[in-house]
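A.B. asks: Before I ask anything, here is the structure I am working with.
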Amino acid sequence: MQVKLFDRFNLVVFISAFGLITFGLVAIYSATYGNELVSGNFTKQLISACIGIFVVLGIMFTPSKYLAMSSYIFYGLVILMLIAVLVIGKKIKGQTSWFSVGGFGIQPSEFAKVAVVLALASFLSNKNNETDVTRVRDFLYAVGICLMPVALIMLQPDMGTTLVFLFLLLPVLYWAGMPNYILFFIVAPVITAVCAFLGTWYFVASVIFVIAMMLVLKKNILISAIIVCIAIGAGLSVNMVYNKLQPYQQKRIQSMFNPESDPLGAGYNVIQSKIAIGSGGFTGKGFLQGTQTQLKYIPEQWTDFIFCMVGEEFGFIGSISVVLLFLILIWQTIRIAYICKNQFLSICCIGFATIFSFHILINLGMIMGIMPVIGIPLPFMSYGVSFLLSNLIMLGIILNAYRNRKEYT
């Protein structure tokens, strides 16, 4: 009986996710301790986590065909919510991203991540239409599924969430059969643009790299020349795009490379987060004993900078434990995608693994000062009812994929 249970239930994924939630609850309690304005955040997160357990189990036992059938309906409802939030949503710090419902903040853009993955997976796995991402029509349709919520989220505006969708698209399309050269055609301009921002020699090196990759991929001269020219054009346009950014956006980018250039502004959080993590040492200062955390040097540290509390109060041991839990979760999700015979669920798993990976890389990069501060929370740990519930919906679908991994439909 026990063997059969664990043959249909991935205990490693479940424990990894709820281990991260536990770390997050402890960190949120510490980060909000003594702060009456946000003292209810811990309770809200705890309630959301308890509700989330039933959400996970409910989704896990839902027949996969119903998940696929309802994907477009869910996508449509989320699009309507994104439109509605622009009209009647609550504006916080310049962003119209939330509904206020019974004291809880509901953020539709978080559920849009799940909806886009489900819609993409449903479209790309549709055997009746014989979807082929190498066809221009199907490729543009898939891009359209992703860009529709992006356009609405940019009106809020929320640049951090927008980047999640753009990063999500390529791995999903690649998993669905996109050839290597098309993938590189899309990625090459991004590589040269980033390198151009770093300096002239980085830009030159990136162009040489693009040319070398074209030789490796062995495409004809015309296709190779087009890709190289587009990549060079992207690099040369970086300064023009940068000059059109808002001053606060330019400061955030500058502070990524040199936080000390604006120590009381854009670089403040990064400097304080480095101090917090560095002062934790090997074992940490102890629960509720972190000076940076308890003296509230880091603004809203229960959201995007939640990892600082772990680093300061639980030290290297606590930090590496969190990182290992994330690595196990992502590795298991990709493994499930690989062994799952149901293409819809397999694509979903890759999409969710991509979302988790992007959030983790950007969030940890932010607190270490190697990524710009763009408002990307840490999965399962950062405070946010909508964010946690959307993560748990993804977890439920991942467990569903493992449960039905041997079924083709």
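A.B. asks: Could you please rank LYS65, LYS44, placing first whichever residue has the fewest other Cβ atoms within 10 Å of its Cβ?
C.D. replies: So the ranking, lowest neighbour count to highest, is LYS65, LYS44.
A.B. asks: Compute the signed sum of charges (Lys and Arg +1, Asp and Glu -1) over the other residues within less than 14 Å, Cβ to Cβ, of CYS146.
C.D. replies: Values: positive: LYS113; negative: ASP138.
In short, 0.
A.B. asks: Distance check, please: which entries in LYS44/LYS113; LYS91/LYS274; LYS90/LYS244; LYS65/LYS341; LYS113/LYS219 exceed 24 angstrom between their Cα atoms?
C.D. replies: Over 24 Å Cα-Cα: LYS91/LYS274; LYS90/LYS244; LYS113/LYS219.
A.B. asks: GNM, the chain, Cα, under 10 Å: largest mean-square fluctuation among TYR66, TYR181, TYR338?
C.D. replies: Most flexible of the set in this elastic network: TYR66.
A.B. asks: Still on this model: Just want to confirm a number: the relative contact order over the range 98-206, from Cα pairs under 8 angstrom separated by 6+ residues, in percent.
C.D. replies: Values: 65 pairs, mean separation 20.5, N = 109.
So the answer I get is 19 percent.
A.B. asks: Take the chain, connect every pair of alpha-carbon atoms lying under 10 Å apart with a spring to form a Gaussian network, then pick out the residue of PHE139, PHE203, PHE74 with the largest mean-square fluctuation.
C.D. replies: In the Gaussian network model the winner is PHE203.
A.B. asks: Starting with the fewest neighbours, write out ARG137, ARG403 ranked by other beta-carbon atoms found within 10 Å of each beta-carbon.
C.D. replies: Fewest to most other Cβ atoms nearby, the residues stand as ARG137, ARG403.
A.B. asks: What ³J(HN,Hα) values, in whole Hz, does the Karplus curve 6.51 cos²θ - 1.76 cosθ + 1.60 give for the range 189-205 when θ = phi - 60°, with x put for Gly and Pro?
C.D. replies: Values, residue by residue: x, 5, 4, 5, 5, 5, 5, 5, 5, 6, x, 4, 5, 5, 5, 4, 4 Hz.
A.B. asks: Same structure, new question: How many angstrom lie between the Cα centre of the range 390-409 and the Cα centre of the range 305-374?
C.D. replies: 18 Å
A.B. asks: Next up: Would you pull out the residues with amide H under 5 Å of LYS90's amide H, same chain only if 5 or more places away, H placed 1.01 Å from N?
C.D. replies: Amide H neighbours of LYS90, under 5 Å, 5+ apart: SER97, TRP98, PHE99, SER100.
A.B. asks: In what sequence, highest mean first, do 354-364, 232-242, 339-349 appear when ranked by Cβ atoms within 10 angstrom? Intermediate results must be reported in sequence, preceding the final value.
C.D. replies: Working: 354-364: 21.2, 232-242: 14.6, 339-349: 22.7.
Descending mean neighbour count gives 339-349, 354-364, 232-242.
A.B. asks: Give me, ordered by chain and number, the residues 5 or more places off MET371 or on other chains with an amide H under 5 Å from its own placed amide H.
C.D. replies: For MET371, the qualifying residues are MET366.
A.B. asks: Which value in deg cm²/dmol, rounded to the nearest 500, describes the helix-derived mean residue ellipticity at 222 nm for the chain, given -39,500 (n - 2.57) per DSSP H run of n ≥ 4 and division by the residue count?
C.D. replies: After summing the helix terms and dividing by residue count, I get -23500 deg cm²/dmol.
A.B. asks: So what are the ³J(HN,Hα) numbers for the range 41-56, from phi and the Karplus equation (6.51, -1.76, 1.60; θ = phi - 60°), rounded to whole Hz, Gly and Pro as x?
C.D. replies: Those phi angles translate into 4, 4, 4, 4, 5, 5, 4, 4, 5, 5, 4, x, 4, 5, 4, 4 Hz.
A.B. asks: Between LYS285, LYS218, LYS90, where does the largest GNM mean-square fluctuation fall for the chain, given springs only between Cα atoms within less than 10 Å?
C.D. replies: LYS218
A.B. asks: Could you run the Karplus curve 6.51 cos²θ - 1.76 cosθ + 1.60 with θ = phi - 60° over the range 14-26 and give me ³J(HN,Hα) per residue in whole Hz, x for Gly and Pro?
C.D. replies: Whole-Hz 3J(HN,Hα) from phi for the range 14-26: 4, 5, 4, 5, 6, x, 5, 4, 4, 4, x, 4, 4.
A.B. asks: Fewest Cβ neighbours within 10 Å first, please rank TRP175, TRP331, TRP302, TRP201 accordingly.
C.D. replies: Details: TRP175 22, TRP331 14, TRP302 26, TRP201 9.
With the fewest neighbours first, TRP175, TRP331, TRP302, TRP201 line up as TRP201, TRP331, TRP175, TRP302.
A.B. asks: What net charge do the residues around ASN363 carry, taking every other residue with its C-beta under 14 Å from that of ASN363, with Lys and Arg at +1 and Asp and Glu at -1?
C.D. replies: -2
Here, each number is a calculation from the coordinates, and none is a lab measurement. Keep in mind the model is a prediction, meaning the values are calculated, not measured. Cβ sites come from the backbone with ideal geometry, for glycine too, and all protein chains shown count toward neighbours.
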